[in-house]
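The values are calculated or read from the model by the stated rules, or taken from the named source; none is laboratory data. This is a predicted model, so every value here is computed, not measured. All Cβ positions, glycine included, derive from the backbone under ideal geometry; neighbour counts span all protein chains shown. Side chains included, ligands, DNA and RNA excluded: accessible areas come from the protein's heavy atoms. Shrake-Rupley method; radii C 1.70, N 1.55, O 1.52, S 1.80 Å.
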Amino acid sequence: MPDVAPLPERARLFHVGIPKSGTTSLQMAASAGRETLRANGVLYPGTKLNQRDAVLGFMERRWGWTSAGIPPRRYWDEVMAEIEADTERRVLFGHEFASESNAETAKRFIDAIGERTHVVVTLRSPGTILPSAWQQYVKAGVPIAFDDWLGSVIADPPDRNVTKGFHDRNDQAGVVQRWAEAAGADRVTVVVLDKRRPELLYGTFEQLLDLPSGTLAAQELGGFASNRGLSVPEAELFLALNEVIRPNDVQWPDFQRMVRNGAIRRIMESRDAGEEKLQLPPWAVKRAAEIGAGYADAIAATGVQVVGNLAQLAEEVPPRPHDDPPPNHIPVELAAEALAGMLSAATSRGAFFDPVVDDKSVEKSVDKSEERAVAMRRAKVKRMARKSTTKEVVWFATGFIGAKLQKLIRMISRR
């Protein structure tokens with residue numbers, strides 16, 4: 001276990017990520033154990049999985065590719081009102097999008113949260129983050145092939161015009177430096193994740209918050225809730241779909257409802273095909289390790305508290321075992337599941353053709369461990385889904401995709 005001193009009473013622990021560094025796992029543990037945390041002197045504000053909308057609203061940062069995706073500032077105000085009203089507990093909150101903050105925004109966060117703020121930055125080696133980061137962009141509709149993306153984002157110098165947010169939140173040294181300058185190095189803790197020491201993540205947060213060991217426990221939920229990685233065929237399917245739909249003025253709410261919360265959710269929760277996982281080519285393994293070593297040196301110079309071994313940031317991951325091009329065909333059952341998920345979501349029935357039932361019936365039909373995930377999905381449907389019909393899906397497929405979809409289907413059909 002790590003050995004970290006507890007934060008002062010009523011401290012406000014603001015977790016800024018970075019993405020793909022255990023953030024979803026920690027949020028799942030905190031949201032599932034919200035009442036247990038409260039009983040042990042820690043407030044995890046709100047009722048959702050995390051405080052994403054509040055953080056985005058404060059940053060005036062959009063979610064998706066349209067300006068309408070900027071959440072209202074009132075979400076941040078509501079979270080802060082709940083925090084201010086609690087005069088007894090320590091607080092745990094935040095979201096990985098905060099890691100994108102420039103120096104000015106980081107300082108605004110610190111001023112808004114107050115003098116009791118303590119910032120935690122969780123990190124992993126670039127070599128382990130890069131495949132996951134690209135997949136997140138694919139899930140968000142970005143139509144850039146993996147090797148092309150790598151050639152831009154880890155070039156020397158990188159092309160910052162390609163997925164700009166990646167550079168803002170994955171310059172690990174820059175993230176730590178900005179928050180150390182905003183809050184003071186003595187109020188920043190860096191946690192370096194190590195797959196050989198899985199206790200570091202939960203253990204560090206438990207000790208900082210003076211919680212009993214085991215309070216933050218991993219949650220056994222579906223692949224979508226846990227944000228599992230895509231297999232190579234799955235990623236190639238959605239990359240091909242992005243290439244077809246993005247030039248056709250598809251709106252983010254439609255993409256989120258039918259692709260993210262329909263096709264992708266169904267694939268991630270229903271499949272575990274044991275297919276090939278995404279890996280870096282050898283040149284990218286070496287380059288990622290060089291970048292990580294530079295991060296380690298720069299972070300050590302900031303004087304922040306470090307839990308774990310900064311040398312892990314320079315870890316070399318196993319390279320891709322072959323130079324074969326990405327697959328030009330995918331299993332028919334994979335395509336069928338994706339199309340079924342899209343149709344189900346388009347008809348406001350989630351990703352699995354859920355029956356239209358009242359809240360009590362839903363709660364009785366699921367296992368206790370999944371109740372919170374179901375509640376989150378139900379709330380999002382109520383907020384975002386508009387009435388749809390099967391005719392709408394046909395219009396979407398023919399009007400937006402047309403002949404290109406037929407080409408994609410022919411590719412899928414080759415087995």
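Summary table below
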{"read-out": "Gap separating the Cα centres of region 336-353 and region 1-72, nearest whole Å", "value": "30 Å"}
{"read-out": "Protection proxy ranking, peptides 179-192, 79-92, average beta carbon neighbours within 10 Å, highest first", "value": "179-192, 79-92"}
{"read-out": "Nonlocal amide H pairs with ILE154, under 5 Å, H built at 1.01 Å", "value": "none"}
{"read-out": "Relative packing of 121-129, 208-216, which averages over residues the other C-beta atoms within 10 Å, highest first", "value": "121-129, 208-216"}
{"read-out": "Cut-off 15 Å between beta-carbons: net charge of the residues surrounding ARG160, Lys and Arg +1, Asp and Glu -1", "value": "-3"}
{"read-out": "Label point 7 Å beyond Cα of SER270 along Cβ direction - residues of region 323-354 with amide nitrogen under 11 Å", "value": "333-345, 351-354"}
{"read-out": "Relative contact order, percent, region 223-323 [alpha-carbon distance under 8 Å, six or more residues apart]", "value": "34 percent"}
{"read-out": "Backbone HN-Hα couplings from phi across region 163-175 [Karplus 6.51/-1.76/1.60, Hz, Gly and Pro as x]", "value": "6, 3, x, 4, 5, 5, 9, 10, 6, 4, 5, x, 4"}
{"read-out": "Phi-based couplings in Hz for region 317-326 (Karplus 6.51, -1.76, 1.60; Gly and Pro marked x)", "value": "8, x, x, 4, x, 8, 9, 5, x, x"}
{"read-out": "Relative intensity, log₁₀ I(q)/I(0), of region 1-153 from a Debye sum that treats every alpha carbon as a point, q = 0.14, 0.17, 0.21 Å⁻¹", "value": "-0.76, -1.08, -1.50"}
{"read-out": "Average Cα contact separation per residue, region 147-217, under 8 Å, 6 or more apart, as relative contact order %", "value": "13 percent"}
{"read-out": "Calculated from backbone phi, Karplus (6.51, -1.76, 1.60) coupling profile of region 66-81 in Hz, x at Gly/Pro", "value": "10, 4, 5, x, 7, x, x, 4, 4, 4, 5, 4, 5, 4, 5, 5"}
{"read-out": "Inter-centroid distance (Cα atoms) of region 124-145 relative to region 167-217, Å", "value": "22 Å"}
{"read-out": "For PHE224, distant residues with modelled amide H under 5 Å away", "value": "GLU269"}
{"read-out": "Options PRO45, GLY57, MET80, ranked by Cα towards positive dipole end of region 35-89, top entry (Cβ charges)", "value": "GLY57"}
{"read-out": "Amide H contacts of VAL91 (H built 1.01 Å from N, under 5 Å, at least 5 apart or other chain)", "value": "ALA11, ARG12, LEU13, LEU43"}
{"read-out": "Å² of accessible area per residue within region 1-121, as computed with a 1.4 Å probe and no ligands counted", "value": "41 Å²"}
{"read-out": "For region 243-302, fraction of C-alpha pairs farther apart than 12 Å, in %", "value": "79 percent"}
